[in-house]
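The structure appears below as structure tokens.
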Amino acid sequence: GYIFLNSFYLLIGYFIAYVLLTYLFKVRNLSHSYHESYVEYRSLAEGLRVEFFLRLAGVHEDSADRYLRKHRQHLQWIREVMRSANIFDPQSRPDLESIKKYWIEGQYEYYRNSSRKNKIRVKRLKVISAIFFFGGIASILGAIILTVLHLYDAISSTIILIITLPALAGLIETYISRSTLQETGEEYSRMENMYENAIKLWKENDDASNAQIIMELAKEALRENADWLLLHYQIPEKIPL
């Protein structure tokens, strides 16, 4: 009877926790519009930054048209704002060295640091998930041993571990997947390599070659920015209810 009573209260607690978490996920989905605004304004800021450095390089072109067709559905108003900011003439005397220092080298440092932080975070979460997972297996083995030894009073606490530890491991793995940490980390590494190669290819007193590097970087920066928007724009819609 004691074991049954503890199991009953355990099931009631599990049910309450399940309902509460489901409600929180629904609340998070209701706040989806705030998430959309954050992602879109961040993408706008990145697009305007690319356009600013193109102006500084003496290039006058509509950066909004460089987004791929698959990006344009979610970027329509962002592209219109970028076109509105495209009314100013470019720099009459291009300052390529400032672009190299404040954009290319700055972006290289940003992606390098972000890539490393992301990898460390994913690795740490996977280690914690593995600890919970194997802890759940150990709890099952412990419950079997307690049953063989007829130590029934200690089994109720072991059952709690059997339920909670694998659940925590699953939640962490789900978070890693839903938060796109791995995909974002891979993209950060790719962009880090791209900016590093640009620094290596930069040639002093060769404005024509350096201007071409800037144009290629601008195209890739806009592509990465739009892909980042699409990747993060849909995250709340994937939360299981």
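A compact table of results
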| read-out | value |
| --- | --- |
| Length gained when the stretch residue 230-residue 49 is fully extended (0.36 nm per residue, less Cα-Cα span) | 63.3 nm |
| Among the listed pairs 126/219; 119/200; 119/219; 117/200, those beyond 28 Å (Cα-Cα) | 126/219 |
| Linear extension gain, residue 86 paired with residue 35, 0.36 nm per residue minus alpha-carbon span | 15.6 nm |
| Nearest-20 debye value, region 116-228 charge dipole, Cβ charges on Lys, Arg, Asp, Glu | 440 debye |
| Extreme residue, positive dipole direction of region 110-150, given options 138, 110, 148 (C-beta unit charges) | 110 |
| Assigned charges on the beta-carbon of Lys, Arg, Asp, Glu; region 82-162 dipole about Cα centre (debye) | 240 debye |
| Accessible heavy-atom area order of 12, 120, highest first, probe of 1.4 Å | 120, 12 |
| Per-pair calculated FRET efficiency, R0 = 25 Å: residue 131 and residue 163 via Cβ, rounded to 0.05 | 0.95 |
| Residue 150 accessible area, assembled protein chains, probe 1.4 Å, Å² | 120 Å² |
| Full-extension gain in nm, residue 145 to residue 209, via 0.36 nm per residue minus C-alpha separation | 15.8 nm |
| Nearby aspartates and glutamates by direct alpha-carbon distance to residue 203 (threshold 17 angstrom, same-chain neighbours under 8 apart not counted) | 95, 97, 105, 216 |
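The values are calculated or read from the model by the stated rules, or taken from the named source; none is laboratory data. None of these values were measured; they are calculated from a predicted model. Here the Cβ is made from the backbone with ideal geometry for all residues, glycine too, and neighbour counts use every protein chain on show. These area figures cover heavy atoms from the full protein model, side chains too; ligands, DNA and RNA do not enter into them. Shrake-Rupley method; radii C 1.70, N 1.55, O 1.52, S 1.80 Å.
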